[in-house]
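Here it is, the structure in full.
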Amino acid sequence: MKIVAGKTIWKYQIIMDRIVEFTIPENAKVLSVGTQHGLGAFWVMFDPNKPKKPFKYTVIPTGGKVPPNMEYKGTFQLDAGKFIGHLFTSRG
């Protein structure tokens with residue numbers, strides 16, 4: 001893997017049941033979706049010195065409706081597989 005100067009990796013805990021919006025540098029890339037300590041999380045790489053733009057995400061359970069203009073990023077399991085969530089993101 002190529003190491004890119006100026007970029008860092010950040011972890012965000014997944015908040016369930018709603019669309020979450022915050023600002024994040026414009027070059028952000030979701031690297032992975034998973035769990036840590038029994039909670040959903042996703043890891044994002046970006047250059048923190050870049051301008052920030054709006055970023056939205058939501059979790060859709062299996063069988064749930066996907067909001068328009070959202071892009072799939074990954075799937076995670078909670079409670080020994082009793083809940084399967086799919087992370088979707090959008091910009092703007």
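The values are calculated or read from the model by the stated rules, or taken from the named source; none is laboratory data. Given the structure is predicted, the values throughout are model-derived calculations rather than measurements. Ideal geometry is used to build each Cβ from the backbone, glycine not excepted, and the neighbour counts take in all protein chains shown.
Take residues that are of a type outside the set (V, I, T) and more than 16 Å from R18 (Cβ to Cβ) and tell me which of the strands (runs of 3 or more DSSP E) falling wholly in the range 28-92 contain 2 or more.
Correct list: 29-36, 39-46, 52-61, 71-78.
Okay, next question. Could you check, for the range 30-41, whether at least one of its residues is over 16 Å from K7 (Cβ atoms) and polar (S, T, N, Q)?
So far as the range 30-41 goes, yes, one or more of its residues are over 16 Å from K7 (Cβ atoms) and polar (S, T, N, Q).
Shifting gears a bit: For A41, which of the numbered conditions (1) modelled with pLDDT under 95; (2) touching a Lys or Arg at 6+ places or on another chain (Cβ under 6 Å) fails to hold?
Failed condition: (1).
Given the condition among the β-branched types (V, I, T), closer than 19 Å to K82 by Cα and under 13 Å from the mean Cα position of the chain (by Cα), answer yes or no: does some residue in the range 15-27 qualify?
yes
Being at pLDDT 95 or above, of a type outside the set (A, V, I, L, M, F, W, C), loosely packed, with under 15 Cβ neighbours inside 10 Å and touching a strand residue (DSSP E or B) at 6+ places or on another chain (Cβ under 7 Å), is that true of even one residue in the range 15-26?
no
Only residues that are surrounded by fewer than 16 Cβ atoms within 10 Å (Cβ to Cβ) and either closer than 20 Å to P25 by Cα or aliphatic (A, V, I, L, M) (or both): list them for the range 44-73, please.
D47, P48, N49, K50, P51, K52, K53, P54, V66, N69, E71, Y72
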